[in-house]
Amino acid sequence: MASVDTAQFTALYEQQHRWLRSWLYRQLSCSHRAADLMQDTFMRLLVSQEAFEIRQPRPFLAKVARSVLCNHYRRARLEKAYLDALQAQDPGVLPDLATQLIVFETLVRLDEALCELDVAVKKAFLWSQLDGLGHGEIAERLGISIATVKRHIIKAGARCMLVAGPLQ
């Protein structure tokens, strides 16, 4: 696997970071968030471990930034849902802030892991784990065999265990 050429990366950053920050600002209407996501976009390129040749830097950066932006919005929706769930709890049973942060970061990693799976695998797993559906009902909904449903659930569960680690 080739690594990112440092000189090429530096030149790309120096030539395009203002444009990308402006592009992101038009998407977000927040200069601070645009600056953060601009840095996240360049960091994604830097740690990608893939060599890239750029003929048209702005469309290339916009494509990467759209992916970063989608992740940002998905994380924001997840954070809102998590905070709403915490608000619904009795304050006496809420975990401390450090534990809340650990739980939220684990949820983010699980969400990312599930998003990498095929749609049928993800649906089978979520219907099984969150909705309590049986294998037969999931098989019927997805139009697949019960054996395939079981394989899907095992695959998704293993992926979740890999990113979240064992429960303590």
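The values are calculated or read from the model by the stated rules, or taken from the named source; none is laboratory data. Everything numeric in this text was worked out from a predicted model, so none of it was measured. Neighbour counts run over all protein chains shown; Cβ positions are idealised from the backbone, glycine included. Surface accessibility is based on the protein's heavy atoms, side chains included, excluding ligands, DNA and RNA. Shrake-Rupley method; radii C 1.70, N 1.55, O 1.52, S 1.80 Å.
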Checklist entry - Looking at residue 81, is it closer than 22 Å to residue 105 by Cα, open to solvent by 50 Å² or more (accessible area, probe 1.4 Å) and either modelled with pLDDT of 95 or more or among the hydrophobic types (A, V, I, L, M, F, W, C) (or both)? => result yes
Checklist entry - How many of the residues in the stretch 40-86 are of a type in the set (A, V, I, L, M, F, W, C) and outside any helix (DSSP H, G or I)? => result 4
Next on the checklist: Need the failing condition index for residue 4 against (1) open to solvent by less than 40 Å² (accessible area, probe 1.4 Å); (2) modelled with pLDDT under 95; (3) assigned to a helix (DSSP H, G or I); (4) hydrophobic (A, V, I, L, M, F, W, C), just the number.
Outcome noted: (3)
Checklist entry - Does residue 73 satisfy being closer than 25 Å to residue 163 by Cα, open to solvent by 40 Å² or more (accessible area, probe 1.4 Å) and aromatic (Phe, Trp, Tyr)? => result yes
Checklist outcome for this item: Scanning the stretch 106-118 residue by residue, those touching a residue at least 40 places away in the same chain (Cβ under 8 Å), assigned to a loop (DSSP other than H, G, I, E, B) and closer than 18 Å to residue 150 by Cβ turn out to be 117
Next on the checklist: Can you tell me how many residues within the stretch 34-44 are open to solvent by 60 Å² or more (accessible area, probe 1.4 Å) and either touching a residue at least 12 places away in the same chain (Cβ under 8 Å) or closer than 22 Å to residue 56 by Cβ (or both)?
Outcome noted: 4
Next on the checklist: Please verify whether residue 98 is open to solvent by less than 80 Å² (accessible area, probe 1.4 Å), under 19 Å from residue 14 (Cα atoms) and without any contact (Cβ under 8 Å) to a residue 60 or more places away in the chain, treating the condition exactly as stated.
Outcome noted: no
Item to check | Criterion: surrounded by fewer than 17 Cβ atoms within 10 Å (Cβ to Cβ), among the β-branched types (Val, Ile, Thr) and in a helix (DSSP H, G or I) - qualifying residue of 149, 121, 103 | outcome: 103
Next on the checklist: Here is a check on your reading of the model: is residue 139 in contact with a Phe, Trp or Tyr (Cβ under 9 Å, 6 or more places away or on another chain), crowded, with 16+ Cβ neighbours inside 10 Å and free of Cβ contacts under 8 Å to residues at least 24 places away in the same chain?
Outcome noted: no
